[in-house]
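Taking it in order: structure first as structure tokens, then the write-up.
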Amino acid sequence: MLKPIHTLLVFLLVCLSWHTISGQQYTWQEAFKVLGIAWNRDGTLNRTIQIPMVDPTPSEDTKPTPTALSQDIYLSPYNKAYIRLYIPLNPPKNKKLPLIIYLHGGDFVLFSASTVIFHNFCNDIASQFPAVVASVEYRLAPENRLPAAYDDALNAIFWAKNQALGVGGRDPWMEYADFSRVFLLGSSAGANIVYHAALRALDFDIRPLQIKGLLLNQAYFGGQKPTQSEIRLKDDPYVALYVNHVLWSLALPRNLNRDHEFCNPISGGTYMGRVYRLPKVYIKGDYGDPLVDRSVQLAKFLQSCRVPVYSRFNQGGFHGIELQNQTAAQELYNEMKWFVNNVCANEEIEEIVSSDHHASQ
């Protein structure tokens, strides 16, 4: 195993060779400055971006009055893994709510389930759908390279399974959850995690959980060869091409390139035989986002595998638009709510039709 200082030197040499399609040279220092990160002497990252982290709001007495209630549930006494659980302020007493397992964005390297922008996003989902939302605190790279985040997401699914079974007792808030209507939702890197965690979950018996659908918002995927949108928007202020090179080098296991399945899901790999077993998938992208072509490619690939896909690709926009633009956020909420309700409604219709068919025989 390489010592931290040796790993750092190798990383720096690789970074210094990266360049954009235009031929303009960029250094790792420039990418790190954009990202607000710096190396510590032990090879970990010092993350200096000042986006506030907030505490949960378990009571309506919190000022200002929250739009939803939230609490942190720690998953292990041995590490910092936790679920931030959300419920509406006034959950219905005679109706179960869909369970949304949420993975936040941050390019695998940044942020937390408690970062205020993602905390507010989950508040909105819980109150507007309404739904029970379990936001996953997953490990970040490069301290914990992929597939660590996928493992954490899978452990969150197992936690939900144990909640459904009442193993070790069920949290009172999970009494509102309908374990037969589970959805995995992710934005940016979180959408990548959702995709891979869903594929991994197919290898396990997670009953009585039933994952009905995946929601991928501006999914963070990549590849060795840049797409047209990545070239066209190579100097994007949010996900510039040279910054992506750095991020993927931090996130991927060492000695793997960006055509590995963790980064490029249509390049082949161990998951290909499982894709056709995925549930319905909602994919949203914006043509002002350099990553949009990756989502378009994934949508076409999933359709070729006969996976039901609902996609929306908007003109304009930018990466993370829903975190800065309330109109765009509300449009996203409305569409995701429609998807969740439509999936469940269609299955109820299919069950009725199937029952009528069997009754007539």
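The values are calculated or read from the model by the stated rules, or taken from the named source; none is laboratory data. Predicted model only: the values in this text are computed from it and were never measured. Cβ atoms come from the backbone with ideal geometry, glycine included; neighbour counts cover every protein chain shown. Heads up: the accessible areas ignore ligands, DNA and RNA and are worked out on the full protein's heavy atoms, side chains in. Shrake-Rupley method; radii C 1.70, N 1.55, O 1.52, S 1.80 Å.
Laid out as a table, the results:
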| read-out | value |
| --- | --- |
| Two-site label geometry, N255 and K63: point separation in nm, points 7 Å out along Cα→Cβ | 5.9 |
| Given the chain, longest segment not containing exposed loop trypsin sites (Lys or Arg not before Pro) (DSSP; at most 13 other Cβ within 10 Å) | 96-253 |
| Degrees, to the nearest 10: 189-201 long Cα axis against longest axis of the chain | 60 |
| Rounded to 10°, Cα long-axis angle of helix 116-128 versus longest principal axis of the chain | 20 |
| Considering only the chain, percent of DSSP beta bridges that pair antiparallel, nearest 5 | 35 |
| Per-bin percent of Cα-Cα distances, the chain [10 Å] | 5, 24, 34, 24, 10, 2, 1, 0 |
| T270 versus I51: modelled label distance in nm, points set 7 Å from Cα along the beta carbon direction | 3.0 |
| Charged-residue dipole, Cβ positions (Lys, Arg, Asp, Glu), segment 113-215 about Cα centre, Debye nearest 20 | 200 |
| Value of [θ]222 nm, deg cm²/dmol, for the chain, DSSP H segments ≥ 4, -39500 (n - 2.57) each, nearest 500 | -11500 deg cm²/dmol |
| DSSP-assigned coil residues among chymotrypsin sites (Phe, Trp or Tyr not before Pro) in segment 75-116, each with at most 16 further Cβ atoms within 10 Å | Y78 |
| Accessible area (Å², 1.4 Å probe, nearest 10) - S249 | 40 |
| Partner lysines for K93 [C-alpha distance under 29 Å; skip if fewer than 8 residues away on the same chain] | K63, K161, K212, K280, K337 |
| Of all accessible heavy-atom area on the chain, the percent that carbon and sulfur account for (1.4 Å) | 53 |
